[in-house]
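The values are calculated or read from the model by the stated rules, or taken from the named source; none is laboratory data. The structure presented is a predicted model; accordingly, all values stated were derived computationally and were not measured. Cβ: placed from backbone, ideal geometry, glycine included. Neighbour counts: every protein chain shown.
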Amino acid sequence: MPYPDDFDDVVISSKAELARHPPRTQVALCMHKLEAEVNNGGFHQFFLNSSGGLVPETLQALSAIGAAGTKHLLERAVAIAFPSGYPSDTSEVASRLADFDDVADQLEPLDAAFYRYEEPLSDLVNMYLEKPPNKSFERTRGR
């Protein structure tokens with residue numbers, strides 16, 4: 001399954017829907033959600049939409065594919081958007097998102113950094129999907 005094309009039509013809007021997929025596919029799906037949302041409306045849109053409930057999984061996915069720089073961008077965006085900490089209850093993500101205008105302004109430099117694609121995310125995802133599974137990672141993903 002080459003990324004991103006084979007993932008364009010897969011819809012995930014919750015952790016439960018994500019969990020229905022094999023762990024390696026979950027990584028690609030998290031990356032697809034991250035790219036689609038940030039490229040369409042920045043990190044703020046990523047947090048505001050259903051993808052906002054997948055932040056921990058997306059951070060794990062970034063680690064799995066070796067995208068440390070992009071992971072750092074997402075961590076910084078989380079710190080800006082959720083100054084009191086990322087909510088443990090995903091139903092609270094949108095309601096706990098800090099003031100829209102202030103957060104959107106602060107996230108703009110991170111959005112711009114993401115758009116530069118300093119890490120070849122598609123290539124990293126495809127290399128991850130092609131290599132033999134990492135059993136310890138897959139156990140932590142619940143499969």
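Report, by residue number, each residue of region 39-63 that is surrounded by fewer than 24 Cβ atoms within 10 Å (Cβ to Cβ) and among the hydrophobic types (A, V, I, L, M, F, W, C).
48, 55, 59
Give me the helices (runs of 4 or more DSSP H) completely within region 1-100, filtered to those with at least 1 residues that are modelled with pLDDT of 95 or more, under 10 Å from the mean Cα position of the chain (by Cα) and within 22 Å of residue 114 (Cα to Cα), ordered by residue number.
Numbers: elements: 15-19, 23-48, 55-65, 68-81, 93-96.
Answer list for region 1-100: 23-48, 55-65, 68-81.
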